[in-house]
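The structure under discussion appears below in the form of structure tokens.
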């Protein structure tokens, strides 16, 4: 059976491994000191998690067992445990996509990693703190893998080309700009880049012991540069980046993260997040923004992609350049905290509904002062429950609009 090039030429040494420079020195020192720890390798697909686990096992001279949690069951784990009885040393168990094992399956590992029979290396594309059993996390070191940069992927592709040419005694006629194109369009996923190269080789013209690959052939692959799953953590990371860039008043970064989301043909998520940002981060500093953003979002949803990018860019830049206030979210969250802590249960009787027979016998509405009957439509009375009557939830912030509201408020109170 023909193996994919990404598997066939998987790096076997650190010299051929690309990326993750923040991790490799630590791993090397662990192996050098013969002191391997349980590892959780967390990050996007195609960034070297499986390759690194294989290299660690090889250089540690330990037997490696591999399990993919997407296709394996508790029986597969049991089979590995039974192998331990036949061995006199610890093994490395690599579990790919461990998030697909349930809590009970993950718990079965604890006894073996606790006594050192198994050195666990597991990988996941999802946030381990959400998907991996806490007891395993507490016994492991978590390494976060980063998407590879184009230069790293260039190195990997050239290495594949060299090894393939040596093995097949054939040349691959491909320009540097075509290799760079594949690297830049892979979204930091080296496996994706190698698979694209393999497809180009298999569909290219072959003559004079040479595979001829043109730049146009690479363009026809219609590669997407975005490397993330709309249901995965990176999706929410991008939404977070979008909101924090707008909050930080950086229109360029804000537009970039909007573009990343739209490149994945995701229209609904950024629309929803922009509606939140209008009140959470701009808020009372520029209240008109909320209605404008709602109008722009409605336009985007009616237009659909690709035209939707234009009103959404309008909304993003408008909010990035607007003055900011988080007074609204601070006020509502403070009030919710008090409610969750059991405060303010008994509301004042004079505020209770009095528009029904029998209300007067319950003293509901008695003593209520109707503000419209007073100058400036204001009269001082206490609206909060007695136990929190002095609470202040809304605090005006230092922007033109809120200071104007405060000035008016202070004036009518006098």
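The values are calculated or read from the model by the stated rules, or taken from the named source; none is laboratory data. Every value quoted in this text rests on a predicted model; they were computed, and no experiment measured them. Counting neighbours? That spans all protein chains shown, and the Cβs are built from the backbone with ideal geometry, glycine included.
Answer yes if at least one residue in the range 72-92 is under 16 Å from residue 40 (Cβ atoms) and touching a strand residue (DSSP E or B) at 6+ places or on another chain (Cβ under 8 Å), and no otherwise.
The answer is yes; a qualifying residue exists.
Report yes if some residue within the range 114-127 is over 20 Å from residue 25 (Cα atoms) and at pLDDT 90 or above; otherwise report no.
Checked the range 114-127: at least one residue is over 20 Å from residue 25 (Cα atoms) and at pLDDT 90 or above.
I'd like to check something: does the range 132-141 contain any residue that is outside the structural domain of residue 53 (by TED's automatic domain parsing), crowded, with 21+ Cβ neighbours inside 10 Å, outside any helix (DSSP H, G or I) and touching a helix residue (DSSP H, G or I) at 6+ places or on another chain (Cβ under 8 Å)?
There is no residue in the range 132-141 that is outside the structural domain of residue 53 (by TED's automatic domain parsing), crowded, with 21+ Cβ neighbours inside 10 Å, outside any helix (DSSP H, G or I) and touching a helix residue (DSSP H, G or I) at 6+ places or on another chain (Cβ under 8 Å).
Would you tally the residues in the range 372-402 being loosely packed, with under 13 Cβ neighbours inside 10 Å and part of a helix (DSSP H, G or I)?
Residues flagged as loosely packed, with under 13 Cβ neighbours inside 10 Å and part of a helix (DSSP H, G or I) within the range 372-402 amount to 7.
Would you check which residues across the range 5-23 are exposed (fewer than 13 other Cβ atoms within 10 Å of the Cβ) and in contact with a helix residue (DSSP H, G or I) (Cβ under 8 Å, 6 or more places away or on another chain) and list them?
If the condition is that a residue be exposed (fewer than 13 other Cβ atoms within 10 Å of the Cβ) and in contact with a helix residue (DSSP H, G or I) (Cβ under 8 Å, 6 or more places away or on another chain), then 13 is the only one that fits.
Residue check: is residue 291 modelled with pLDDT of 95 or more, over 25 Å from the mean Cα position of the chain (by Cα), surrounded by fewer than 22 Cβ atoms within 10 Å (Cβ to Cβ) and more than 22 Å from residue 237 (Cβ to Cβ)?
For residue 291, the condition - modelled with pLDDT of 95 or more, over 25 Å from the mean Cα position of the chain (by Cα), surrounded by fewer than 22 Cβ atoms within 10 Å (Cβ to Cβ) and more than 22 Å from residue 237 (Cβ to Cβ) - is met.
Looking at (1) over 22 Å from the mean Cα position of the chain (by Cα); (2) within 16 Å of residue 9 (Cβ to Cβ); (3) in contact (Cβ under 8 Å) with a residue 40 or more places away in the chain, which one does residue 199 not meet, given that it meets all the others?
(3)
It is to be established whether one or more residues within the range 343-350 are under 30 Å from residue 399 (Cα atoms), touching a residue at least 12 places away in the same chain (Cβ under 8 Å) and in a helix (DSSP H, G or I).
no
Out of the range 157-192, which residues are assigned to a helix (DSSP H, G or I) and under 26 Å from the mean Cα position of the chain (by Cα)?
181, 182, 183, 184, 190, 191, 192, listed by residue number.
If you take the residues of the range 105-129 that are under 19 Å from the mean Cα position of the chain (by Cα) and in contact (Cβ under 8 Å) with a residue 60 or more places away in the chain, which of them is farthest from residue 193 (Cα to Cα)?
128
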